[in-house]
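K.L.:
Below is the structure I would like to discuss, written out as C-alpha cells.
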Amino acid sequence: MAQRAGVKIQCRGISKSFTAQKDVLHVLEDVSLAVYENEFLVILGPGQGGKTTLLNIIGGLLMPDAGDVLLDGKPIEGPGPDRGIVFQQYALFPWKTVEENVAFALTMAGVQKGERMAAAHHYIDLVGLKGFEKAYPAQLSGGMKQRVGIARAYTANPEILLMDEPFGALDAQTRYAMEKDILSIWQKELRTVVFVTNNIEEAIYLGDRVVVMSAMPGKVKSSYVIDTPRPRNYTDPKFLEIRKMISNDTDLVL
Amino acid sequence: MQTQTQETYRTGKEVKVRVETLTKCYDDLLVLDNISFDIYHGEMLCIVGPTGCGKTTFLNCLSRFIPMTEGDILVDGTPADPTRHNIAFVFQEPSAIPWLTVEDNIRFGLRIKRTDPKTIEDLVERMLDLVGLRRYRKCFPKQLSASMEQRVVIARNFAINPDLLLMDEPYGQLDVKLRYYLEDELIRIWKEVGSTVLFITHNIEEAVYLAERILILSPKPSTIKEEVLVDLPRPRQFDAPEFVKIRDYVTECIKWW
C-alpha cells in the first residue's frame, strides 16, 4: 500500500500568483502535499482551481512564489528527465511519426537508433497502437493521440509521471476505455503518478488517493484514500457513495 | 425493464417532429441507415450511441445543415424548412456572438424573427432570470466563463421558443458538479418554456438524468437499436437504484470499451 512506501514528492507551502494587467490572481495558496513512491495520486478540483499550475510547478516548468518541491528530498530547480508529462492537448510533434514522437526524449539523450526504437515499440505496443508506428498525429483520433502522449512519457523512463487532465478532451466512452488502459499500464510498469482531473468519477476509478482542491485560490481541502479493489465499478453502491461524499466536498464554480 | 409501456407513454402526446427513413451516405459510406422516429410535442428526448456512430451527421441532417440522401423530416406534418420552422442548435463549443452583449445575444434571434419590441424585451428579462445572468446582461462573451457563455447560448435558443431545439453535448467536459447544476437549470427552463428538445450526448449518466425517453443508436451504419423510457421523478438521484439500473442497461447496449 502506497502509504507505507517512502515519500517521493513533497510539496511544502506552495503559493503562486499571476499578474494580468493590474489584477493579481492568487492561483495557489499554501499547498502542501506528499506523494508516495509508486502511488497513483489524483488531484481533483473544479475548473480554474490551479491544478495545472501545481502540476507545472512539480514538473519544474514554473517556479512557485513561495514554498518548494522536494523530489527524493532534493529541491526541484527545473524540468528533468526524471519527470514525464502528459499534456491535456497532447502536444505531439505534428511533423513526426508516432514512433519518432515516442522516441523523442531518447533521441535527445543520444541513445542509438536500435535501442531507442526498441524502447519506443515496447511502449507503442503497451498503449495499444501496434501497427500505427509510421502514422502521423493528424491521422489519429483524439484517444489515439493521447495514447502516443502516454507512450512518449513512459519511453523516457521517468520515475514520475505527471498527467494533466489527459482525457479531458475525449468523449465519455473513449474516456472509460482510456481509464481502464492507463491503470493496466501503470500496474505493469509501476511509477509514481500525479494525475490531475476535474472528473470525480475518473478520480475515484483511478486513484489510490484523491486530493480535493478548492476553487481559486487553490488549496488542499481534503484527501480521500480509495481502498476498494481494482478494477472498480462505476455504478457499485460503494463507488457512488464515495462519489457523493467527494461531490459534496467540492466547490461549484459557475 | 420498462416501468411504463411505450403505448402508455404515447397516449395523449402529439407528434411534433417526424423523422422518416432518414438515410445518409458519404459516397459509398453508409452512415445513417433508414432511421425513423417521432419526437413528441414538449418532449425531452436524448440520443446516445457508441463513439463514431454518426451522431454529428445525424444532427447535421436534422438541422438541415447538410442534405439527406433519403428520407424526410416533418415538423407539424410539413417538411422541415429553416425559413418556416424554428430549428435551434446549441453546439458543443459555446457560440455566443462575440460582438454582442449578453442581452443582445438573447435578442438576436428574436430580432431576426421580427418579433415585436415589447415581446422581445419581456422575453429577454425572463430569459435573463431563467439562466441567472441578470447581473451580466451588459457583459460581452469574452468576459464570461465558458459555462456562463453556454448559458447565454441556451437562453438565446429558448427565447425563440423553437419548434425543435437540438443540443449537441453542450456540457461536454465541464466538471460534474457544474454539469448537474446546468442540467437542473436546463430542466427548469425546458419545463417552463415547453420546447421540444433533442439532446445528444456520449454520457449515459447525463442521458438518464435528463431524458423522458432515450434512443440508443447502433454502431455505423447507425440505426435505432432501442428505445428506453426513463420514468423517474425529478430531481433524479445518480445513486438511486432505479437510476443505476437504467444507466447500467443503456451502458451494456452500447459498450465497446
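K.L.:
Name every residue in the range A:221-235 that is within 12 Å of chain B (Cβ to nearest Cβ) and surrounded by 14 or more Cβ atoms within 10 Å (Cβ to Cβ), in order of residue number.
P.N.:
Those that are within 12 Å of chain B (Cβ to nearest Cβ) and surrounded by 14 or more Cβ atoms within 10 Å (Cβ to Cβ): A:Tyr234, A:Thr235.
K.L.:
While we're here: Considering only the range A:136-155, state which residues are aliphatic (A, V, I, L, M), touching a helix residue (DSSP H, G or I) at 6+ places or on another chain (Cβ under 8 Å) and under 16 Å from A:Ala120 (Cα atoms). Let's see the steps before the verdict.
P.N.:
First, the residues of the range A:136-155 that are aliphatic (A, V, I, L, M): A:138, A:140, A:144, A:148, A:150-151, A:153.
After this cut, where a residue has to be touching a helix residue (DSSP H, G or I) at 6+ places or on another chain (Cβ under 8 Å) as well, the list is A:140, A:148, A:150-151.
If the condition is that a residue be aliphatic (A, V, I, L, M), touching a helix residue (DSSP H, G or I) at 6+ places or on another chain (Cβ under 8 Å) and under 16 Å from A:Ala120 (Cα atoms), then A:Val148, A:Ile150, A:Ala151 are the ones that fit.
K.L.:
Does the range A:185-201 contain at least one residue that is away from every other protein chain (no Cβ under 11 Å), open to solvent by less than 10 Å² (accessible area, probe 1.4 Å) and part of a loop (DSSP other than H, G, I, E, B)? Talk me through it step by step, then tell me what you get.
P.N.:
Filtering the range A:185-201 down to residues away from every other protein chain (no Cβ under 11 Å) leaves A:185-196.
Remaining after also requiring open to solvent by less than 10 Å² (accessible area, probe 1.4 Å): A:185, A:192-196.
Next, from what is left, pick out any that are part of a loop (DSSP other than H, G, I, E, B): none.
Checked against the condition, which is being away from every other protein chain (no Cβ under 11 Å), open to solvent by less than 10 Å² (accessible area, probe 1.4 Å) and part of a loop (DSSP other than H, G, I, E, B), the range A:185-201 yields no hits at all.
K.L.:
Before we move on, is B:Asp239 surrounded by fewer than 18 Cβ atoms within 10 Å (Cβ to Cβ), facing chain A (nearest Cβ under 9 Å) and touching a Ser or Thr at 6+ places or on another chain (Cβ under 8 Å)? If you could, list the steps in order and put the result at the bottom.
P.N.:
Working: surrounded by fewer than 18 Cβ atoms within 10 Å (Cβ to Cβ): yes; facing chain A (nearest Cβ under 9 Å): yes; touching a Ser or Thr at 6+ places or on another chain (Cβ under 8 Å): no.
Judged against the criteria, B:Asp239 is not a match.
K.L.:
Here's something else I'd like to know. With a cut-off of at least 1 residues that are surrounded by 23 or more Cβ atoms within 10 Å (Cβ to Cβ), at pLDDT 90 or above and within 14 Å of chain A (Cβ to nearest Cβ), name the strands (runs of 3 or more DSSP E) lying wholly within the range B:161-222. Working first, answer last.
P.N.:
On the way: elements: B:164-168, B:197-200, B:213-217.
So the answer is B:197-200, B:213-217.
K.L.:
Is it the case that B:Leu45 is in the same structural domain as B:Ile204 (by TED's automatic domain parsing) and open to solvent by 20 Å² or more (accessible area, probe 1.4 Å)?
P.N.:
On the way: in the same structural domain as B:Ile204 (by TED's automatic domain parsing): yes; open to solvent by 20 Å² or more (accessible area, probe 1.4 Å): no.
So B:Leu45 fails the test.
K.L.:
What number of residues within the range B:227-236 are surrounded by fewer than 16 Cβ atoms within 10 Å (Cβ to Cβ) and within 19 Å of B:Leu215 (Cα to Cα)? It would help to see each step written out before you state the result.
P.N.:
Applying the first criterion (surrounded by fewer than 16 Cβ atoms within 10 Å (Cβ to Cβ)) to the range B:227-236 yields B:227, B:231, B:233-235.
Add one more test, that the residue is within 19 Å of B:Leu215 (Cα to Cα), and what stays is B:227, B:231.
Residues meeting the conditions: 2.
K.L.:
Ok, one more. Please tell me if B:Met68 is free of Cβ contacts under 8 Å to residues at least 40 places away in the same chain and buried (at least 17 other Cβ atoms within 10 Å of the Cβ). Let's see the steps before the verdict.
P.N.:
On the way: free of Cβ contacts under 8 Å to residues at least 40 places away in the same chain: no; buried (at least 17 other Cβ atoms within 10 Å of the Cβ): yes.
The answer is no for B:Met68.
K.L.:
Separate question: With B:Phe108, B:Phe58 as the choices, which residue is over 19 Å from B:Trp190 (Cβ atoms), assigned to a helix (DSSP H, G or I), touching a helix residue (DSSP H, G or I) at 6+ places or on another chain (Cβ under 7 Å) and among the hydrophobic types (A, V, I, L, M, F, W, C)? Break it down into steps so the answer makes sense when it comes.
P.N.:
Values: B:Phe58 fails: touching a helix residue (DSSP H, G or I) at 6+ places or on another chain (Cβ under 7 Å).
Within the list B:Phe108, B:Phe58, the selection yields B:Phe108.
K.L.:
What number of residues within the range A:4-50 are open to solvent by less than 70 Å² (accessible area, probe 1.4 Å), modelled with pLDDT under 95 and not in a strand (DSSP E or B)?
P.N.:
Total satisfying the criteria: 7.
K.L.:
Could you check the range B:116-141 and list, in sequence order, the residues that are open to solvent by 40 Å² or more (accessible area, probe 1.4 Å) and either modelled with pLDDT under 95 or part of a loop (DSSP other than H, G, I, E, B) (or both)?
P.N.:
Initially, the range B:116-141 is screened for residues open to solvent by 40 Å² or more (accessible area, probe 1.4 Å), giving B:116-119, B:121-122, B:125-126, B:129, B:132, B:134-138, B:140.
Of everything in the range B:116-141, those that are open to solvent by 40 Å² or more (accessible area, probe 1.4 Å) and either modelled with pLDDT under 95 or part of a loop (DSSP other than H, G, I, E, B) (or both) turn out to be B:Asp116, B:Arg126, B:Asp129, B:Gly132, B:Arg134, B:Arg135, B:Tyr136, B:Arg137, B:Lys138, B:Phe140.
The values are calculated or read from the model by the stated rules, or taken from the named source; none is laboratory data. Note that this is a predicted model, so its numbers are computed, not measured. As a convention, Cβ positions derive from the backbone with ideal geometry for all residues, glycine included, and neighbour counts pool all protein chains shown. Surface areas here come from the heavy atoms of the whole protein model, side chains and all, with no ligands, DNA or RNA. Shrake-Rupley method; radii C 1.70, N 1.55, O 1.52, S 1.80 Å.
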